[in-house]
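Below you'll find the structure, written out as structure tokens, and then a few comments.
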Amino acid sequence: MGKLFSDAFTAFNNLLYKHTILILTLFFCVGLSGALWNMSHLSSNLIRSQAIHHAALYAQASKEARTLYSNEVVNSAKTIPGIVVTHDYKNTKGGIPIPATYLIELAHRLTEKNSDMLVRLYSDYPFPWRAEEGGAKDNFEREALVALRKNPRSPFYRFEDYKGIPVLRYAEADIMEQSCVSCHNYHPDTPKRDWRVGDVRGVLEIVTPLHTFIKQTRQGLRGTFLSLGIASILGILGLTIVMGRLRQTSKELEKRVRERTAQLEDANQKLSIEQEKSDRLLLNILPEPIADKLKDGQSNIADGFAEVTILFADIVKFTELSTTVSPRELVKLLNEIFTAFDRLTEKHGLEKIKTIGDAYMVVGGIPKYRQDHAEAIAEMAFDMQGEVAKFNAKNHTNLSIRIGINTGPVVAGVIGTKKFIYDLWGDAVNTASRMESQGLAGSIQVTESTYHYLRDRYLLENRGTIQVKGKGEMITYLLIGRLK
């Protein structure tokens with residue numbers, strides 16, 4: 001699951017990188033659409049709020065006008081002889097309308113002056129002369145009467161289509177005052193005689209079309225939308241320019257990175273080649289485990305080995321040969337012999353230590369111990385004799401090889417900081433060298449310690465006791481061949 005999310009995130013990043021301008025433009029358009037939708041929503045709320053506020057002001061103005069008329073006009077007129085307060089004031093001499101009739105007439109006048117507006121006063125207990133138009137005519141008016149009786153202090157309103165146009169229908173309760181109670185309860189034509197102060201006598205409804213508010217709001221928003229449109233176009237253009245420049249810069253950087261990466265790869269490849277050359281050169285000088293220690297930063301590398309077998313070999317009559325050939329030819333011939341010896345060293349898994357002049361030194365059992373170190377050295381000695389014989393046949397020479405072998409403990413390590421070498425120290429090394437120097441041309445002389453390792457598999461001849469420099473008398477053996 002984690003890999004799936006990671007792959008999806010990587011794919012999204014790649015898409016974003018390749019189509020940055022398009023995606024940012026889409027995001028910008030989505031954001032702009034959201035802003036426009038929000039503004040549209042706000043404008044709708046604003047229209048509704050304005051319509052409700054406008055209707056509430058009309059209702060309040062109408063009620064205040066009736067109250068003013070009732071208190072200041074009707075009450076004063078009653079004291080004047082000949083003035084009659086009646087609903088049928090038009091047909092009565094000296095008649096003036098009662099407050100309710102005044103409010104009804106005011107509503108008619110407002111409706112006539114504002115053809116888009118309707119002001120109505122209705123009740124479910126209209127007087128007989130208003131029975132036709134004074135009662136509830138539709139569901140809204142009936143619902144308004146029920147709702148306002150339950151909660152007369154809160155207006156009842158609804159936004160709906162009325163006669164084919166969107167309107168606000170706003171209704172407020174017409175609450176009975178003390179003066180109204182006396183009139184309505186004792187009037188001979190009243191349909192209800194148990195009115196009390198605070199009862200809902202009827203409903204004052206104001207129907208307000210919304211198109212005027214919509215027009216005003218749209219006019220206000222038109223400039224805002226125009227500004228947003230211009231800002232959006234400028235924003236997209238600016239974004240395109242910036243992203244184009246960023247993309248160009250990115251391409252230039254990518255090009256530089258590719259060039260620099262190619263240079264680094266080329267340098268790394270060359271460095272790797274040089275490192276391989278250095279490693280090969282180092283391995284030509286040192287055993288691989290010792291070379292690894294040096295590369296790891298170790299110094300003073302030295303190891304002790306309890307038993308190894310050391311071989312020294314010398315090319316007999318090579319010095320005489322050097323007087324008959326050129327130096328270049330001499331080096332070529334010696335290199336041919338020692339190259340063959342190096343191949344034998346690798347063949348038998350031995351470690352070449354060094355060459356000194358026409359002498360060759362090799363050891364078995366280091367740097368990794370092996371039980372057959374003596375046998376491996378013996379096989380090496382036989383093969384070295386064979387290589388010298390091949391050399392003589394090829395080059396028409398009469399060289400021979402003298403080999404000395406000894407087995408014993410040694411110390412091996414690296415000495416020097418410049419032209420360092422891997423070398424051996426110990427009495428066993430000196431004894432092996434004496435076996436070679438005091439041996440016989442064309443023979444392989446071994447010490448008694450080596451004899452004990454080889455006697456079960458090889459044919460050895462007791463040479464007897466010889467005087468060895470620095471060691472005194474020693475019994476030595478000549479390695480003749482292999483046992484069948």
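The values are calculated or read from the model by the stated rules, or taken from the named source; none is laboratory data. Keep in mind that this is a model prediction, so the values were computed, not measured. Cβ coordinates were reconstructed from backbone atoms using ideal geometry, including for glycine residues, and neighbour counts include every protein chain displayed.
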Is it true that some residue in the stretch 314-322 is of a type in the set (Gly, Ala, Ser) and assigned to a helix (DSSP H, G or I)? yes
Assess whether Pro81 counts as being out of contact with any helix residue (DSSP H, G or I) (no Cβ under 8 Å at 6 or more places or on another chain), farther than 21 Å from Val207 by Cα and either assigned by TED's automatic domain parsing to the domain that holds His54 or surrounded by fewer than 14 Cβ atoms within 10 Å (Cβ to Cβ) (or both). yes
Do you know which residues across the stretch 160-182 are in a strand (DSSP E or B), surrounded by 15 or more Cβ atoms within 10 Å (Cβ to Cβ) and either free of Cβ contacts under 8 Å to residues at least 40 places away in the same chain or among the hydrophobic types (A, V, I, L, M, F, W, C) (or both)? Val167, Leu168, Arg169, Ala171, Ala173, Ile175
Given (1) at pLDDT 75 or above; (2) polar (S, T, N, Q); (3) in a helix (DSSP H, G or I), identify the lone condition not met by Thr79. (3)
Given the condition of a type in the set (Asp, Glu) and surrounded by fewer than 17 Cβ atoms within 10 Å (Cβ to Cβ), answer yes or no: does some residue in the stretch 353-367 qualify? no
Here is a check on your reading of the model: is Ile315 β-branched (Val, Ile, Thr), in contact (Cβ under 8 Å) with a residue 40 or more places away in the chain, buried (at least 18 other Cβ atoms within 10 Å of the Cβ) and farther than 22 Å from Val411 by Cα? yes
Output for the stretch 117-159, where each listed residue is under 22 Å from Asp199 (Cβ atoms), surrounded by fewer than 16 Cβ atoms within 10 Å (Cβ to Cβ) and under 60 Å from the mean Cα position of the chain (by Cα): Ser154
Please state which one of Tyr422, Tyr360 is more than 15 Å from Phe305 (Cα to Cα) and in a strand (DSSP E or B). Tyr360
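Which residue out of Gly464, Gly426, Gly472 is modelled with pLDDT under 95 and touching a Gly at 6+ places or on another chain (Cβ under 8 Å)?
Values: Gly464 fails: touching a Gly at 6+ places or on another chain (Cβ under 8 Å); Gly472 fails: touching a Gly at 6+ places or on another chain (Cβ under 8 Å).
Only one candidate qualifies: Gly426.
Inside the stretch 82-105, can you point out the residues that are of a type in the set (A, V, I, L, M, F, W, C) and part of a helix (DSSP H, G or I)?
As a first pass, look at the stretch 82-105 and keep what is of a type in the set (A, V, I, L, M, F, W, C): 83-85, 96, 98, 100, 103-104.
Result: Ala100, Leu103, Ile104.
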Out of all the residues in the stretch 365-384, which are at pLDDT below 95 and touching a His at 6+ places or on another chain (Cβ under 6 Å)? Gly365
Are any of the residues in the stretch 183-194 in contact with a His (Cβ under 6 Å, 6 or more places away or on another chain), outside any helix (DSSP H, G or I) and assigned by TED's automatic domain parsing to the domain that holds Lys137? yes
